[in-house]
1. With a 10 Å cut-off between alpha carbons and a GNM built on the chain, which of A33, A49, A60 moves the most?
2. Mind checking which lysines have their Cα closer than 30 Å to the Cα of K43? Skip sequence neighbours fewer than 8 apart in that chain.
3. With a 1.4 Å probe and all protein chains kept in place, how much accessible area does D72 have, in Å² rounded to the nearest 10?
4. Hey, in the GNM for the chain with a 10 angstrom Cα cutoff, which one of A54, A24, A40 fluctuates hardest?
5. According to a simple spin-label model (label point 7 Å from Cα along Cα-to-Cβ), what is the distance in nm between T68 and F98?
6. How high is the relative contact order of the chain, given as a whole-number percent (alpha carbon pairs under 8 Å, six or more residues apart)?
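The values are calculated or read from the model by the stated rules, or taken from the named source; none is laboratory data. Computed from a predicted structure; not experimentally measured. FYI the Cβ positions are ideal-geometry reconstructions off the backbone, even for glycines, and counts take in every protein chain you see. For the accessible areas, the whole protein counts, side chains as well, though only heavy atoms, and no ligand, DNA or RNA atoms are used. Shrake-Rupley method; radii C 1.70, N 1.55, O 1.52, S 1.80 Å.
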Amino acid sequence: QVQLVESGGGLVQTGGSLTLSCAASGSIFSINAMDWYRQAPGKQRELVAAISNAGSTNYAASVKGRFTVSRDNAKNTVHLQMNSLKPEDTAVYYCHTFIWPINYWGQGTQVTVSS
């Protein structure tokens, strides 16, 4: 059983920064790719950033250059540093991993960017 718990969301002004964290249970953390998704009201959930077990990263075009995903395998945590935030970044952010055949999701953390 894997549990993912996000933290670090909040309200920030345009141009501000936030860091989200995801704490994962289970010893499989170090061998799994981890992702951050977000879902804005009325929109589909979208992939924001991904990091492989080796530390390779990928980003959605809309956040590239502003967001940075990182992981600490010793602490079973993954982080999402978000800079230069825009109102369109407002969403619930979810931590995710896939361990066949199950998708594991955290409960989500709200990020609100005011204009």
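1. A60
2. Correct list for K43: K64, K86.
3. 50 Å²
4. Taking springs between Cα atoms under 10 Å, the residue moving most is A54.
5. With each label point 7 Å from Cα toward Cβ, the separation is 2.8 nm.
6. 36 percent
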